[in-house]
């Protein structure tokens, strides 16, 4: 049976937005597994994710204080239907990212990360898939705020889709 995933990072609530858009909350509530790659900013947002998610995987980011760091790891891993995931907030500069992450995460099929607010979807020479969903609240220099939806089916990552957050 396929697993529907939602990938998020850099929500920055309430610094960049008072709350997440309803479109994002609806995606979270409908997902089988939600990934959040850090920069929550407030523990209350983590509490709400825990209440609204069927299964939540999260890490802390550089903007997350001691309260979130006590509750979340800096890195996490999970195996979903045979696909090996890892998640971390920061991966360093874009140049050389694929090879660097391949070396750091040798037993991983998919690495989810955040920090830059820039969507990223690449595959390293060794077949590590690197995914950054951007930010649903702070687009920075991007044309739109974003998150990702993905499907794990039959032991593989069958689909990944970048989703634009609709304004208003």
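Annotations for the structure displayed:
- So residue 134, is it over 26 Å from residue 26 (Cα atoms) and either loosely packed, with under 15 Cβ neighbours inside 10 Å or in contact with a strand residue (DSSP E or B) (Cβ under 9 Å, 6 or more places away or on another chain) (or both): no
- Of the set (1) over 19 Å from residue 138 (Cβ atoms); (2) touching a strand residue (DSSP E or B) at 6+ places or on another chain (Cβ under 7 Å), all apply to residue 45 but (1).
This table checks each residue for (1) part of a loop (DSSP other than H, G, I, E, B); (2) modelled with pLDDT of 95 or more.
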| site | (1), (2) |
| --- | --- |
| 1 | yes, no |
| 6 | no, yes |
| 11 | yes, yes |
| 16 | yes, no |
| 19 | yes, no |
| 28 | no, yes |
| 38 | yes, yes |
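- Of the residues making up region 103-118, those that are surrounded by 18 or more Cβ atoms within 10 Å (Cβ to Cβ) and either more than 18 Å from residue 7 (Cα to Cα) or touching a strand residue (DSSP E or B) at 6+ places or on another chain (Cβ under 7 Å) (or both) are 105, 108, 109, 110, 111, 112, 113, 114, 116.
The values are calculated or read from the model by the stated rules, or taken from the named source; none is laboratory data. Keep in mind it's a predicted model, so treat the numbers as computed, not measured. Because the Cβ atoms are built from the backbone with ideal geometry, glycine has one as well, and the counts that use them run over all protein chains shown.
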